[in-house]
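Notes to accompany the following structure.
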Amino acid sequence: MLKAAIFDFDGTLFDSNYVWVTAGERFFEFIGIVPKDNLQQEIRTMSLYQSACYIREEYRLSFTVEEIMEGINQTVEDAYLHEVQPKAGVISFLHALKTVGIRMCIATATDRYQIEAALKRCDMLDFFDAIFPCSEIGHGKDEPVIFWKAMEFLGTDRSNTVIFEDALHAVQTAKADGFLTVGIFDPYIQEQEQLQKLCDCYLTDFGQFELFWKFASQQ
């Protein structure tokens with residue numbers, strides 16, 4: 001039987017991927033300028049710094065690159081503090097896991113203070129024993145280090161620890177290192193077919209607890 005679960009945050013526990021997708025547009029709304037219709041597409045694959053450079057040059061803004069980066073970060077921070085919500089069925093799902101003694105933590109690319117703000121606002125912080133941000137671990141999810149750190153903290157091993165993710169690259173990392181994986185559908189992730197094929201279990205929403213529990217009982 002499973003003993004522990006490691007959850008991603010954005011797009012897995014919370015419906016928050018839209019915050020990052022629309023961060024550029026939110027910045028323009030903040031400064032009172034209407035951007036071009038293709039802004040999202042133009043900056044989608046850029047880093048924050050690259051996006052800020054592009055926005056400054058393309059729109060001939062008087063702001064420095066650093067000021068644009070700070071403005072984008074502020075719009076994201078505000079969303080975590082006041083806006084983002086857990087996915088449907090998440091709280092009941094977490095409660096069910098906790099009831100049967102499964103320990104839980106979060107491994108995320110988002111900063112700790114943003115995650116904690118959203119969890120506290122939604123009264124969900126007590127479900128989790130720890131939060132592991134990539135920025136503190138010093139490794140992204142293209143490497144399994146963050147999963148090792150979380151598993152070490154939980155005191156479990158790969159045979160009884162399951163990782164919940166919505167991102168294909170993170171699942172690929174976890175699977176390659178021998179972890180059990182549960183894929184979570186998110187409308188902002190395009191590789192759903194590949195994700196479903198790769199994961200040990202795939203949930204379109206957290207209301208599918210019986211499907212998950214059938215998978216878990218077979219481990």
Could you count how many residues in the stretch 1-20 are more than 13 Å from Glu165 (Cα to Cα) and part of a loop (DSSP other than H, G, I, E, B)? 4
2 or more residues open to solvent by 30 Å² or more (accessible area, probe 1.4 Å) and of a type in the set (Ser, Thr, Tyr): qualifying helices (runs of 4 or more DSSP H) within the stretch 52-167: 90-99
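I need the full set of residues from the stretch 67-111 which are small (Gly, Ala, Ser), farther than 30 Å from Tyr54 by Cα and within 14 Å of the chain's Cα centre (by Cα), in order please. Show your work before the answer.
At the first step, the residues of the stretch 67-111 found to be small (Gly, Ala, Ser) are 71, 79, 88-89, 92, 96, 101, 107, 109.
Restricting the remaining residues to those that are farther than 30 Å from Tyr54 by Cα gives 88-89, 92, 96, 101, 107.
Correct list: Ala107 only.
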All but one of (1) at pLDDT below 95; (2) within 18 Å of Val162 (Cα to Cα) hold for His95, so report the exception by its number. (1)
Within the stretch 168-216, residues being open to solvent by 10 Å² or more (accessible area, probe 1.4 Å), in contact (Cβ under 8 Å) with a residue 12 or more places away in the chain, more than 18 Å from Met104 (Cβ to Cβ) and in a helix (DSSP H, G or I) number 9
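Please verify whether Asp15 is within 30 Å of Thr181 (Cα to Cα), touching a strand residue (DSSP E or B) at 6+ places or on another chain (Cβ under 9 Å) and open to solvent by less than 50 Å² (accessible area, probe 1.4 Å), treating the condition exactly as stated.
Answer is no for this residue.
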The stretch 21-49, subset assigned to a loop (DSSP other than H, G, I, E, B) and among the charged types (D, E, K, R), residue surrounded by the fewest Cβ atoms within 10 Å (Cβ to Cβ): Asp37
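The values are calculated or read from the model by the stated rules, or taken from the named source; none is laboratory data. All values derive from a computational prediction rather than experimental measurement. As a convention, Cβ positions derive from the backbone with ideal geometry for all residues, glycine included, and neighbour counts pool all protein chains shown. These area figures cover heavy atoms from the full protein model, side chains too; ligands, DNA and RNA do not enter into them. Shrake-Rupley method; radii C 1.70, N 1.55, O 1.52, S 1.80 Å.
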